[in-house]
Each structure stands twice: as C-alpha cells, then as structure tokens.
Amino acid sequence: MLNIEDSILVIIDIQDRLVQASKYGAEVAENMAKLAKAANILNIPTIITEQYPKGLGNTVPMLKVAISPEAFITEKASFSAMLETEFSQKMQELKNLGKKQILIGGIETHICVLQTAAELINEGFEVYVAKDACASRHKEEYKAGLELLKQYGAKITCVEIALFEWLKTSKQPNFKEIQNLIK
C-alpha cells in the first residue's frame, strides 16, 4: 500500500504533442494534475520527464501549475528515464532518503512508462502505475503496456485509490484538501 513517507511521484512525458496524439490525453493530464496537486500538498517528491521537448513540446500547462515549485523536471532522449544520468541520480538520491515507492503515469504507457517502470523495479523500487493517468495512442498498445507492467511486478492502481492510500484516514490533516481534488 502507498505511504506518504515512502512515495515519489514520477510523471512521464505529459507533453503538448503527446497529449494531442492520444484520444484520452486531456483526461490523463487532468488525472495526473490531481496526483501532482496531492503530492504538492503532502510534500511527496515529484519528478517530471520531457521526451525531446523541441519536437514534442513541454509539459502541458495544467500540469505545470499543479506541481510543487520543488518538482524536478528533466529532459530525456531515452525511452527509459533510468538511462538518463540526471534522472537516475535523482532517483538514487531519493532512495538514499528512504523513498522506495514510485507512483508513475504518463504517455505513452507501452513505451516510456513501461521501460521506466521496468528499470525502477529492477532497481528495487515498489512501482505503482496509475492506469487512469496513463495513455497510448492506441487502446491495444495501452492494454499491452499495462499487462506487461503487471507481469514485470508493477501494481496497477488508479488516481483515487492512490490518493486514499496516501491519506489512510479522514483524520489526516490534509484530508479535505485532497478529497476536494476528486469532487
């Protein structure tokens, strides 16, 4: 189960052109914005990747305004963010601080989310994939990506489950603020 103390939110390539290319891109960006706002409220470290931003654009504005000012944003060329030095160093730094759970989502499920999550699992992280914060251009690729993620050992979840796992109780001091994100 996800815990605030152990978690890192990883947002993979929710960029202008990729959001436009996916039938569910806008919905995925909205769902990820809920997770990003919650992570900000709960002081959960957030890492954002941007795949070739010159060609694919930057992180979509609705997500940029939702993230913490301390969020770590990094550009990548590799499909797995773990193959990028800045990203892998940041993950190791957070792991050294005791962070061992990754909540991940992004575009495209079957490429960058899949490869990044697989590498994170190989590095010993417990990976949770927010399936309603993921998209691919085609439904079959999305489904295949989720199935492989499950086979690799990722736990498939959704935004609302993740939020309430982080909270644990309605007595959590930020409960109302987090609950308002899904109303």
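The values are calculated or read from the model by the stated rules, or taken from the named source; none is laboratory data. Just so it is clear, the model here is predicted, and its values are computed rather than measured. With ideal geometry, Cβ positions are generated from the backbone for all residues, glycine too; neighbour counts draw on all protein chains shown. Areas reflect the complete protein model, heavy atoms only, side chains present, ligands, DNA and RNA absent. Shrake-Rupley method; radii C 1.70, N 1.55, O 1.52, S 1.80 Å.
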*Which helices of the chain meet both criteria: a Cα extent of 15 Å or more along the helical axis and a mean Kyte-Doolittle score no lower than -0.5, with helices taken as whole DSSP H segments?*
25-41
*Between Asp6 and Glu75, what is the FRET efficiency for a Förster distance of 22 Å, r being their Cβ-Cβ separation, to the nearest 0.05?*
0.20
*What accessible area per residue comes out for region 130-183, rounded to a whole number of Å², with a 1.4 Å probe?*
60
*When the Cα centres of region 144-169 and region 5-48 are compared, how far apart do they sit, in Å?*
14
*asked:* At 222 nm, what value in deg cm²/dmol follows for the chain if DSSP H runs of at least 4 each add -39500 (n - 2.57) and the sum is divided by all its residues, to the nearest 500?
replied: -12500 deg cm²/dmol
*asked:* Ignoring ligands, DNA and RNA, please state the percent of accessible area on the chain from carbon and sulfur, probe 1.4 Å.
replied: 50
*Please build a GNM for the chain, connecting alpha carbons under 10 Å apart, and tell me which residue among Ala71, Ala39, Ala81 fluctuates the most.*
Ala71
*Hey, in the GNM for the chain with a 10 angstrom Cα cutoff, which one of Leu83, Leu114, Leu163 fluctuates hardest?*
Leu83
_Taking the Cα centre as origin and putting +1 on Lys and Arg beta-carbons and -1 on Asp and Glu beta-carbons, what dipole magnitude results for the chain, to the nearest 20 debye?_
440
*When the convex hull of the Cα atoms of the chain is projected onto a plane and the area is averaged over all directions, what value comes out in nm²?*
9.3
*Roughly how many Å² of Phe175 are accessible to a 1.4 Å probe, to the nearest 10?*
30
*Over 31 Å between Cα atoms, which of Lys34/Lys99; Lys37/Lys143; Lys90/Lys143; Lys76/Lys168 qualify?*
Lys76/Lys168
*Given q = 0.16, 0.17, 0.20, 0.22 Å⁻¹, what are the Debye log10 I(q)/I(0) values for region 77-146, with equal point scatterers placed on the Cα positions and solvent ignored?*
-0.53, -0.59, -0.78, -0.92
*What accessible area per residue, rounded to a whole number of Å², is obtained for region 49-104 using a probe radius of 1.4 Å?*
54
